[in-house]
Every structure is written in structure tokens, then in C-alpha cells.
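Chemist: Please read through the structure below; I'll follow up with questions.
The values are calculated or read from the model by the stated rules, or taken from the named source; none is laboratory data. Quick caveat, the model's predicted, so the values are computed rather than measured. Here Cβ is always computed from backbone atoms with ideal geometry, including for glycine, and neighbour counts include all displayed protein chains.
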Amino acid sequence: MREEDGYLPGVDEALLREIVAVARERGAWIHRDEVYRKLEHEPGTTSPSIADLYEKGVSSGSMSKSCSLAGLRTGWVAGSPELIESSLETVRGNLAIVDEWLGREPRLHSVRQRAGTTALVRYDYQVPSAELCQAMFDFNGAFVVPGIAFGEEHSLRLGYACACDALVGGLAAISEYLRTLEA
């Protein structure tokens, strides 16, 4: 675009700096999805990353959209070491909750992950995973991904990078549905 079309190079950066000033004044965090950053069509119009401008700035991006790789799930988050450590604390705490829950479910088995935010949980029920996951969702809204989507029948993929109370409620809902299979 040209200036006569209403495009002014650098306006995005100026606006971003104003937003940072307001956030800094209030002690707020800013998350900015920067998936298309550095893909601007006009030379010299790339604004700085929010993580570079602000100590409480969090930048995220991926290769899925920016490189037209919709099937590839590669991305990143940049932020302060304190924020990243806080996210890791959440995931580690939630993994402990999942481990404890698995210990109470004798017909569920999983190899404990060394990294990541999901677990592949195998089950000892003679129900195909797509059928089990759909019936569970219909029963009480518990949502997990059927293992068959990953070529692993009689399993489900469980995500645990969420609020602790959401995880605890979701695991309780899964257990509630599993009891119906044992009746």
C-alpha cells in the first residue's frame, strides 16, 4: 500500500509503543500473536517484537500459517524467564495431577512423558477410541482426542496445559464416563 492509500510506514510500531506504555503503567502483560511478523509486503514496515519492547511482553508465532504449512505444528513463545518458568510450573503441576489420576484408574496406562503437554493414555476397554471419545463427549462433555487419529487404537490423547481446575474437572468427567463402561 502507499501513503495516499492511508498506509503510513511505522504507524504500527508507534501504536505498539503506546500500548506498551499503557501496559507498563498498569503492570499488565501483553501477548502478541506474531505469526505473520517479518512477512510484510512493504519493505521496512516490520514492527519490533513485543518481547523486545517490553519486559512483560510475550510473543508467539508458528510456521503453520506463515509458511503455508497447515499440517505442521511448529511454533514458539518468547517472553521473560519468569513467565516461561511460571508456564512450566503449571504444566509440571498438572502432570502430577494426571499421574495421580492414572494411579486411581486401573484400566488406564500411560508412559510418563519427559517433555510436552499431552499424554497418550491406553485403556483396557473393548471400545474403539473414536466411539469411546464421542460417547464420552455426548455423556458429559469430556473432550479428548481418539488415539486412532494417531494410529494408536484403544488409546486417547489427553492435554494438560490448562487451568488446574479445568484439568481436575475434566479428569473427573472421564472417570465418571469410564464407570458407565464397567456397569
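Chemist: Output the number of the condition that Glu131 fails; it satisfies all remaining conditions of (1) free of Cβ contacts under 8 Å to residues at least 40 places away in the same chain; (2) in contact with a Leu (Cβ under 9 Å, 6 or more places away or on another chain); (3) over 30 Å from Pro48 (Cα atoms).
Modeler: (2)
Chemist: So, restricting to helices (runs of 4 or more DSSP H) that lie completely within the range 1-118, which ones have at least 2 residues that are modelled with pLDDT of 90 or more, not hydrophobic (A, V, I, L, M, F, W, C) and not assigned by TED's automatic domain parsing to the domain that holds Gly147?
Modeler: 11-26
Chemist: List the number of the failed condition for Thr74; all other conditions in (1) touching a helix residue (DSSP H, G or I) at 6+ places or on another chain (Cβ under 6 Å); (2) within 26 Å of Glu34 (Cβ to Cβ); (3) without any contact (Cβ under 8 Å) to a residue 24 or more places away in the chain hold.
Modeler: Unmet condition: (1).
Chemist: For the range 133-164: of the residues being touching a strand residue (DSSP E or B) at 6+ places or on another chain (Cβ under 9 Å) and of a type in the set (Gly, Ala, Ser), which is nearest to Ser86 (Cα to Cα)?
Modeler: Among those residues, the one meeting the criterion is Ala161.
Chemist: Applying the selection to the range 119-135, what residues are more than 26 Å from Arg92 (Cα to Cα) and in a helix (DSSP H, G or I)?
Modeler: Residues satisfying the conditions are Ser129, Ala130, Glu131, Leu132, Gln134, Ala135.
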